[in-house]
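Participant: So that we are looking at the same thing, I have put the structure below in structure tokens.
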Amino acid sequence: MIIEQLVSKINSAKCFTVLADETTDISGIEQFSLCVMYLDIFKKEMREDFLKFIPVHDVTGKGLTTTLMDSLKELGLEFKYIRGQGYDGAAAMSGHFNGVQAHVTKNYHLAHYIHCSLHSLNLAISDACNIQSIRNCTGTIQKVCVFFKYPKRNNVLTKSISFISSSLNVKRLKLLCPTRWVDRHDSILVFIDLFDAIDSLTKVCSWCDKDSSSGAYQLLCSIKQPEFILATYVLAKVFGISLPLSKHLQTKNIDLIDARLAARGVLH
């Protein structure tokens, strides 16, 4: 019933953009996440609604196109109203000759493909962070976060945080987002705020538990390195500059001129 209502609203708009992304779930099955962006003519607002997950067996451009179009037809969406396509920059999706967007455009000429600007920004930041010292820094921060996930170790960190300052709003470390680089900004800031409390690794070094003590010693040596500390603050600065643009590109009623101004602000 929910799908039927959504499809009815989408067809009533007589104009929609297909949004799709292919990924592998935790069980190893390739899946499409299918969404649609359209104008809700009743509420006069832009909407972006999730429709369904679709198992994928053929990950070529042609195979993905067949899966996509068959799913849209099964849902009851009218192809004549397709006015846009939104995918990532992978060759199977964006390829000019054999990508999904190319196959769809052959039959529906008004379905213009647009590479997500936020995804492009994320790729740019990812490439910019592909420096050895930065890679080592993010890897170490992630290891520290994982190390303190276990209750006994986390208890030591929590006590250290309370002892150093009871006024801190954050009480635990935040794992780095594996895909969205700009979303790592909060994790980096939390790490910096709790840096003095993370020195509680010194206590863990004296434990009889070999795994905990040796792991704590290795991490303690890593985070005390000047190169690591410098890289951490550089990351916080860079992510702080790009974060407003990232959030702006995710707004529902984004304005093209405002987005361009925000992008220029980051460049300058």
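The values are calculated or read from the model by the stated rules, or taken from the named source; none is laboratory data. All values reported here derive from a predicted model rather than from experimental measurement. Positions of Cβ are backbone-derived with ideal geometry, glycine not excepted, and every protein chain shown enters the neighbour counts. Accessible surface is based on the protein model in full, side chains and every heavy atom, while ligands, DNA and RNA are left aside. Shrake-Rupley method; radii C 1.70, N 1.55, O 1.52, S 1.80 Å.
Participant: Any idea what the alpha-carbon Rg over 2.2 N^0.38 Å comes to for region 15-106?
Facilitator: Cα Rg divided by the expected 2.2 N^0.38 Å: 1.08.
Participant: For the chain, which whole-number percentage of the solvent-accessible area (1.4 Å probe, protein heavy atoms only) is attributable to carbon and sulfur atoms?
Facilitator: The value for the chain is 58 percent carbon and sulfur by accessible area.
Participant: On to the next question. Quote the accessible area belonging to residue 115 in square angstrom, nearest 10, computed with a 1.4 Å probe and with ligands, DNA and RNA left uncounted.
Facilitator: Probe radius 1.4 Å; accessible area of residue 115 about 60 Å².
Participant: Would you kindly give the portion of the calculated P(r) for region 61-194 that falls above 22 Å, as a percent of all Cα pairs?
Facilitator: 57 percent
Participant: For region 1-81, what does the accessible surface come to per residue with a 1.4 Å probe? Please give it in Å².
Facilitator: That works out to 59 Å² per residue.
Participant: Related question: Excluding residue 207 itself, what net charge comes from residues whose Cβ is under 13 Å from its Cβ, given Lys and Arg +1 and Asp and Glu -1?
Facilitator: Counting the neighbours of residue 207, the net charge comes to +2.
Participant: Over the Cα atoms, compute the radius of gyration (one decimal) and Dmax (the largest Cα-Cα distance, rounded to a whole number) for region 210-258, in Å.
Facilitator: That works out to 18.7, 58 Å for Rg and Dmax.
Participant: Might you report the magnitude of the Cβ-based charge dipole of the chain about its Cα centre, with Lys and Arg at +1 and Asp and Glu at -1, to the nearest 20 debye?
Facilitator: Once rounded to the nearest 20, the dipole reads 560 debye.
Participant: On average, how much area does the Cα convex hull of region 92-160 cover when viewed from any direction, in nm²?
Facilitator: Averaged projected hull area, Cα only: 8.1 nm².
Participant: Considering only the other residues whose Cβ falls under 15 Å of the Cβ of residue 19, what net charge follows from Lys and Arg at +1 and Asp and Glu at -1?
Facilitator: In short, -1.
Participant: Identify, among 170, 126, 115, the residue whose Cα sits farthest towards the positive end of the charge dipole of the chain, taking +1 on the Cβ of Lys and Arg and -1 on the Cβ of Asp and Glu, with the dipole about the Cα centre.
Facilitator: The listed residue farthest towards the positive side: 170.
Participant: What do you get when you divide the Cα radius of gyration of the chain by 2.2 N^0.38 Å, with N the number of residues?
Facilitator: So the chain has a normalised radius of gyration of 1.27.
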